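> Take a look at the following structure, please.
The values are calculated or read from the model by the stated rules, or taken from the named source; none is laboratory data. Everything numeric in this text was worked out from a predicted model, so none of it was measured. Neighbour counts run over all protein chains shown; Cβ positions are idealised from the backbone, glycine included. Protein only, heavy atoms only, side chains kept; ligands, DNA and RNA dropped before computing areas. Shrake-Rupley method; radii C 1.70, N 1.55, O 1.52, S 1.80 Å.
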Amino acid sequence: MGLDYCTIRSKVLRARKLVIRGTAAAGSGHPGGSFSMAEILGCLFYKHLRYDPRNPQWEDRDRLVLSKGHAAPGLFSNMAVAGYFAESEIDTLRAFGSRLQGHPDLKCPGVEFCGGSLGTGLSYSVGVALAARLDSRPCRVYAVIGDGESDEGQIWEAAMAASKYGVDNLTVFLDRNFIQQDSYTERVMPLDSRLGDAEEISAMWLNRDRWRTGDKWRAFGWNVIEIDGHRIEQVDDAIKRARAHGSAPTIIISRTIKGKSVEHMEDNPQWHGKAPARDMVPIIDAELESQSIIAPSIIAGDMTNLAAEVVRCAEGRADYIHLDVMDGRFVPNRTFLHEKVRELRPLTLIPFDTHLMIEEPHRHVRQYVDAGSDIVTVHAEVTDVDTFGEISDMLRENGVGVGLAINPDTELPEWSLGFLPRIDQIIVMSVVPGRSGQKYIESTHQKMARLMPALADNGFAGYVEADGGVNLENVASVFADGARAFVGGGAIVSTPDVRASIRGFRQAVATARRRMLLDLADSLGGSDLVERWINLHVVGARPAEVRTIAQEAGYVAR
Amino acid sequence: MLPDEPVLTDMRTAYAEALIREGRGNPDVVVMGADTTDSLKTSKFGREFPDRFFNVGIAEGNLVTISAGLAASGKTVFASTYAIFLPGRAVDQIRNNVAYPSPGGRGGLNVKLVASHGGLSVGPDGGSHQQLEDISIMRTIPNFRVMIPADTVAVSALTRMMAAEYGPFYMRMARSKTPLVYDDDDHNNGAAADKRFEAGRANVLRDGSDCTIAACGITVSMALEAADLLRREKQMSCRVLDMFSVKPIDGRALEKAARQTGRILTAEEHNIIGGMGSAVAESVSESYPVPIKRIGALDAFGESARDAEVPLLLQKHGITPFNMAQQAGALERLPER
């Protein structure tokens, strides 16, 4: 089974946009903490949690207790996406007479806990879990607690009680975003180690030795798993490990970024409890829709030791591992087949982005699913409406993302248009497949200009992956064309420091994105909106960097 | 034992025995404790039903919220410790985790908070342990019903009533042994006892026409003595109301008492601000205003008194049959209109 990565990711995006829509409509609310737990809730709602939106009181349902109740918009938006109520109801957030109260409330069917007064949701979850055990129900209880609320003594009372009673049907996520209302948690009341006055919160990310929270929970008798809470594959894996662990409750310490995905909110304590201005919503939506993926292609490395290349890419914090499968028929070269994919799979949790450059993919695709692919892309040149339909259905049923690739001299075929709403990824080849070390084909820019409107017109909600000759110099222009995933071969895997190269890609893409958002602000509201957009950025070097880009674009004076 | 010597009985024992009866009849009854389970005697329930008994240690917030979680999943939860540590400590959890959530529109979760050691009669432990604010705190929280039994008959009947009736309750018991004021014929849950202890009812323990004493908990037996004194010393006919249900309060019984007796004295081992006396005054002032006098702690804390000295401590706050009789007699009586 695949990870359901693309499905989870796209629903998390929908939920994030609803958080912005709801809080902007309400004029208040808590986007920051809703975004730090977005991937956690996504993995629960769209993969692991068992529930029935038409029967919210189903007795054997799993329970989700949002202890950090101020992140209600994050809960409600996912409930809307999951089908508990229409997405438009988010417009009533915090309004008089609405079911969507300022904090989660049983008035809204499907909500399990009236959160708000912090520090109590874990005790409540212990009670719910004990009741399930008394009744021999198979349900699991998931609780999401905050780091700020871990100041409350009752969190630790509950930790002791859960441990004493061996409540192993309870899984807790600690949304460790390092920010509470007043400031950084490590200033207000350190859970890990105290933050010096001159230090930025990023210091906490740089040095693992400062992390003590896991030790605390281990000392309380808990099974502790520590992850990056924005990595869907890590959240997914942690949930599975928690479920497999008997005899003790599990806490998944999820290191997250408050306001994640909206740059001016990220790591910014101001956005703990503040709503975006309504005229900023289109810009924020555009920002949310332009998250990017870096997918290093391991065949650009040492073909005799691909395992080592996978490890380098994983340590370099790649988003995907891009696997170019070549059969020597569809393309002149041979690389590796499904046995190799299977062999590499245990090396990392990072999604495998398998690009099948093979003849008759419908006859072989199953093997690549079984080998552990999370996204499988087949070529339009060797599929048709029947075989692609078959492939697409099979991938979906197995939780694998559906991809369609086109060669430089191929346009999107007519038969594929009907599939577009259900396709997760379109690979646009910008070199002739089959050989590495080629240059980016410049005419791809014009091709993208034709392609993007056609995709939008046909209901495509996935992203375009640019594959071939993408490097630090051209990645910004490839982003500007509309690509959101970037395969890096020579420019990443062939370099000595994969991590630095990936970081370089991310910075280049971030700069291009900032420019795109400034362009949008200018088109929507002229220099006034541009100035206000710039001024939202307050943390670290961001204000200066964003302003410089705006100056270079001529939107504000130097 | 001399014929006049009252029969003293222990509320905590009666409570624990009632819980065990409920536990036998209903597998969803769960009992929670916080390191006072021997004192509250609920550990007996734990011995009979080890799976349905949880002792969370000295952690009252946790006690209340775990109870709420159990109740949210269909359990009928009795959570007990001393009064000073329940409303006195865990009011946030009581309000937000038990009273506020309203599943399917039903008010509150099915948690019964039963406290022992209410009021001044806690005695030797001193002012830090004498909870004089709990009635005030609990009756202001929506969805909560507040019960204050006068003796073990009432404890048994109210425990049974709370187990049968959905919703949050607070029941306050006294630490010390108390004389029986009700016949214990139906101690073991006879239908007659049940009817007398419906929430929202006051029991007329003695009829009278010259004045009314409204009492709850340990002051009920004192009120009966005061009524004897008034009859003997002043030839006054005093009505005695057991206000075991402080919320909901029996407004009809109070209006009737106001109309027919023209004056009302209240007595409780609680701060007169916000307690049962306040509840009576609120009700009567809207239905049939008559002069009211409240006896209780005069916005003051308690202090240590050894067991034999508890009457002295109560006396310091005017909580004696003699003072009740005197104050009731001295109250101006409003003639029936």
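> Where the second residue is surrounded by fewer than 22 Cβ atoms within 10 Å (Cβ to Cβ) and the first is under 15 Å from residue A:10 (Cα atoms) and lies in the range A:456-477, which pairs have Cβ atoms under 6 Å and are six or more apart or on separate chains?
A:459/A:420; A:459/A:421; A:460/A:420; A:463/A:484; A:464/A:482
> Considering (1) in contact with a Cys (Cβ under 9 Å, 6 or more places away or on another chain); (2) assigned to a helix (DSSP H, G or I), say which one residue A:60 fails and leave the rest.
The number of the failed condition is (2).
> Within the range A:145-154, does at least one residue satisfy the condition of being open to solvent by less than 10 Å² (accessible area, probe 1.4 Å), more than 23 Å from residue B:94 (Cα to Cα) and in contact with a helix residue (DSSP H, G or I) (Cβ under 6 Å, 6 or more places away or on another chain)?
Looking through the range A:145-154, at least one residue is open to solvent by less than 10 Å² (accessible area, probe 1.4 Å), more than 23 Å from residue B:94 (Cα to Cα) and in contact with a helix residue (DSSP H, G or I) (Cβ under 6 Å, 6 or more places away or on another chain).
> If you take the residues in the range B:21-32 that are under 21 Å from the mean Cα position of the chain (by Cα) and assigned to a strand (DSSP E or B), which one is surrounded by the fewest Cβ atoms within 10 Å (Cβ to Cβ)?
Among those that are under 21 Å from the mean Cα position of the chain (by Cα) and assigned to a strand (DSSP E or B), it is B:32.
> Step by step: first the residues of the range A:72-91, then only those that are in a loop (DSSP other than H, G, I, E, B) and open to solvent by 40 Å² or more (accessible area, probe 1.4 Å), then the one that is nearest to residue A:21 (Cα to Cα). Which residue is that? Even if it seems obvious, please write down each step before you answer.
Our first condition is that a residue be in a loop (DSSP other than H, G, I, E, B); within the range A:72-91, this holds for A:83-86.
Filter once more, keeping what is open to solvent by 40 Å² or more (accessible area, probe 1.4 Å): A:83-84, A:86.
On the way: A:83: 17, A:84: 18, A:86: 13 Å.
Ranking the qualifying residues of the range A:72-91, first place goes to A:86.
> Suppose the filter is acidic (Asp, Glu), assigned to a helix (DSSP H, G or I) and facing chain B (nearest Cβ under 9 Å); does residue A:157 pass it?
For residue A:157, the condition - acidic (Asp, Glu), assigned to a helix (DSSP H, G or I) and facing chain B (nearest Cβ under 9 Å) - is met.
> Within the range A:218-258, can you find the residues that are open to solvent by less than 70 Å² (accessible area, probe 1.4 Å) and among the basic types (Lys, Arg)?
A:231, A:255, A:258
> Out of everything in the range A:103-121 that is on the phi > 0 side of the Ramachandran plot and open to solvent by 10 Å² or more (accessible area, probe 1.4 Å), what residue ends up being nearest to the other protein chains (Cβ to nearest Cβ)?
To start, the set of residues in the range A:103-121 that are on the phi > 0 side of the Ramachandran plot comprises A:110, A:116, A:119.
Those left that are additionally open to solvent by 10 Å² or more (accessible area, probe 1.4 Å): A:110, A:116.
Details: A:110: 12, A:116: 7 Å.
Residue satisfying both the conditions and the ranking: A:116.
> Out of everything in the range A:377-403 that is under 21 Å from the mean Cα position of the chain (by Cα) and touching a residue at least 40 places away in the same chain (Cβ under 8 Å), what residue ends up being nearest to residue A:47 (Cα to Cα)?
That would be A:399.
> Name the single residue that is nearest to residue A:116 (Cα to Cα) among those in the range A:183-198 being open to solvent by 60 Å² or more (accessible area, probe 1.4 Å) and at pLDDT below 90.
A:194
> Within the range A:354-375, track down each residue that is open to solvent by less than 10 Å² (accessible area, probe 1.4 Å) and either free of Cβ contacts under 8 Å to residues at least 60 places away in the same chain or of a type in the set (Lys, Arg) (or both).
Those that are open to solvent by less than 10 Å² (accessible area, probe 1.4 Å) and either free of Cβ contacts under 8 Å to residues at least 60 places away in the same chain or of a type in the set (Lys, Arg) (or both): A:354, A:356, A:358, A:361, A:365, A:368, A:371.
> What number of residues within the range B:283-321 satisfy the criterion of being exposed (fewer than 15 other Cβ atoms within 10 Å of the Cβ), in a helix (DSSP H, G or I) and charged (D, E, K, R)?
Matching residues across the range B:283-321 total 3.
> Among residues belonging to the range B:33-57 that are over 21 Å from residue B:83 (Cα atoms) and open to solvent by 70 Å² or more (accessible area, probe 1.4 Å), point out the one that is nearest to the other protein chains (Cβ to nearest Cβ).
That would be B:51.
> Further question on the same structure: So, in the range A:122-151, exactly how many residues are farther than 26 Å from residue A:194 by Cα and within 12 Å of another protein chain (Cβ to nearest Cβ)?
18
> Kindly indicate which of A:536, A:518, A:472 is under 24 Å from the mean Cα position of the chain (by Cα) and open to solvent by less than 10 Å² (accessible area, probe 1.4 Å).
So the residue among A:536, A:518, A:472 that is under 24 Å from the mean Cα position of the chain (by Cα) and open to solvent by less than 10 Å² (accessible area, probe 1.4 Å) is A:518.
> State whether the residues of the range A:43-55 include one that is in contact with a strand residue (DSSP E or B) (Cβ under 7 Å, 6 or more places away or on another chain), at negative phi and among the hydrophobic types (A, V, I, L, M, F, W, C). Please lay out each step first, then the result.
If we filter the range A:43-55 for residues that are in contact with a strand residue (DSSP E or B) (Cβ under 7 Å, 6 or more places away or on another chain), which is where we start, we get A:44, A:49.
Now drop any that are not at negative phi, which leaves A:44, A:49.
Right, trim to among the hydrophobic types (A, V, I, L, M, F, W, C) and you get A:44, A:49.
Yes, there is a match, as at least one residue in the range A:43-55 is in contact with a strand residue (DSSP E or B) (Cβ under 7 Å, 6 or more places away or on another chain), at negative phi and among the hydrophobic types (A, V, I, L, M, F, W, C).
> Next up: I'd like the residue in the range A:160-172 that is among the small types (Gly, Ala, Ser) and more than 9 Å from chain B (Cβ to nearest Cβ) and, out of all such residues, is surrounded by the fewest Cβ atoms within 10 Å (Cβ to Cβ).
Taking the range A:160-172 first, the residues among the small types (Gly, Ala, Ser) are A:161-163, A:166.
Subsequent filtering for residues that are more than 9 Å from chain B (Cβ to nearest Cβ) retains A:162-163, A:166.
Numbers: A:162: 28, A:163: 18, A:166: 14.
Step by step, filter the range A:160-172, then rank; the result is A:166.
> Moving to a separate point now. So which residues in the range B:236-276 are in contact (Cβ under 8 Å) with a residue 40 or more places away in the chain and either part of a helix (DSSP H, G or I) or open to solvent by 30 Å² or more (accessible area, probe 1.4 Å) (or both)?
B:247, B:248, B:249, B:253, B:254, B:257, B:258, B:259, B:260, B:261, B:273, B:276
> Which one of A:94, A:61, A:16 is in contact (Cβ under 8 Å) with a residue 40 or more places away in the chain, under 25 Å from residue A:232 (Cα atoms) and surrounded by fewer than 24 Cβ atoms within 10 Å (Cβ to Cβ)?
Matching residue, one of A:94, A:61, A:16: A:61.
> Return the residue satisfying two criteria in turn: it lies in the range B:77-119 and is open to solvent by 10 Å² or more (accessible area, probe 1.4 Å), outside any loop (DSSP other than H, G, I, E, B) and touching a residue at least 40 places away in the same chain (Cβ under 8 Å), and of such residues it is nearest to the other protein chains (Cβ to nearest Cβ).
Among residues in the range B:77-119 that are open to solvent by 10 Å² or more (accessible area, probe 1.4 Å), outside any loop (DSSP other than H, G, I, E, B) and touching a residue at least 40 places away in the same chain (Cβ under 8 Å), the one nearest to the other protein chains (Cβ to nearest Cβ) is B:95.
> Taking the range A:192-232 only, how many residues are more than 26 Å from the chain's Cα centre (by Cα) and without any contact (Cβ under 8 Å) to a residue 12 or more places away in the chain?
Residues flagged as more than 26 Å from the chain's Cα centre (by Cα) and without any contact (Cβ under 8 Å) to a residue 12 or more places away in the chain within the range A:192-232 amount to 10.
> Looking at A:209, A:215, can you tell me which residue is at pLDDT 95 or above, surrounded by fewer than 17 Cβ atoms within 10 Å (Cβ to Cβ) and part of a helix (DSSP H, G or I)?
A:215
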